[in-house]
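See structure below.
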Amino acid sequence: MSETISLSRRRLRTWIRLLRLTRRSESHLREFLRVNHDTTLPRFDVMAALHRNEAPMKMSELSRMLLVSNGNATTVITRLEQDGWVVRTPVKTDRRVIEVQMTDQGRAEFEVLAAAHEAEVDKLFADLGHDELDALRDLLQRARGDDDDTDE
């Protein structure tokens, strides 16, 4: 790269490339989920959070984890509940608080969906091998400013 381009300009270009890659990948996955599995990325994200947690979650915790409003989470949960994939239960000690958890049917459906999602992400990044993925992970962690390896 030419030395006439400043480091800050190169960082800006890198950020734009990362943003483009993220948007393109997310758009592809949204379309994949819609066309092949008749679902949405927000539904997938909610189900993934509930699947990882296993125990019932307060709706407020779920919203906070997903970085969405309580209203957005409630809308997705309502649809998942109608499909029989989740169940909401008021907390006995405080009936204003609602907990949500996946049903056995929801867990089984999500495991199929998660496997398909993983396979599609694998296709998206098929040109990257172990060494490249390790290098990319390390660079992203440095850019993020931490040594946390929890997203593996």
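Laboratory data are not the source of any read-out in this text; all were calculated from the coordinates shown. Bear in mind the structure is a predicted one, so any value in this text is a computation, not a measurement. Using ideal geometry, Cβ is built from the backbone for each residue, glycine included, and neighbour counts are taken over all protein chains shown.
Computed over the chain, the per-residue total of -39500 (n - 2.57) for DSSP H runs of n ≥ 4 gives a 222 nm mean residue ellipticity of -22000 deg cm²/dmol, rounded to 500. Once backbone amide H atoms are built at 1.01 Å from N, Thr103 has Val86, Val87 as its partners under 5 Å, excluding neighbours fewer than 5 places away on the same chain. For the range 17-68 and the range 97-149, compute the distance between their C-alpha centroids and round to whole Å. What the calculation gives is 11 Å, centre to centre.
Once the Cα atoms are used to define both axes, helix 7-37 deviates from the longest principal axis of the chain by about 40 degrees. Listed from fewest to most Cβ neighbours within 10 Å, the set Val35, Val76, Val87 follows the order Val35, Val87, Val76.
Contour minus end-to-end for Leu140 and Glu81, with contour as 0.36 nm per residue of separation and end-to-end as the Cα-Cα distance?
My answer for the length gained is 17.6 nm.
Which net charge results when you count Lys and Arg as +1 and Asp and Glu as -1 among the other residues whose beta-carbon is under 11 Å from that of Asp83?
-1
Panel note: the C-alpha atoms of the range 39-144, placed on their principal axes, show extents of 51, 29, 21 Å (largest first).
Would you mind counting up the charge near Val97? Only other residues with Cβ under 15 Å from its Cβ, with Lys and Arg at +1 and Asp and Glu at -1. Computed value for this residue: +3.
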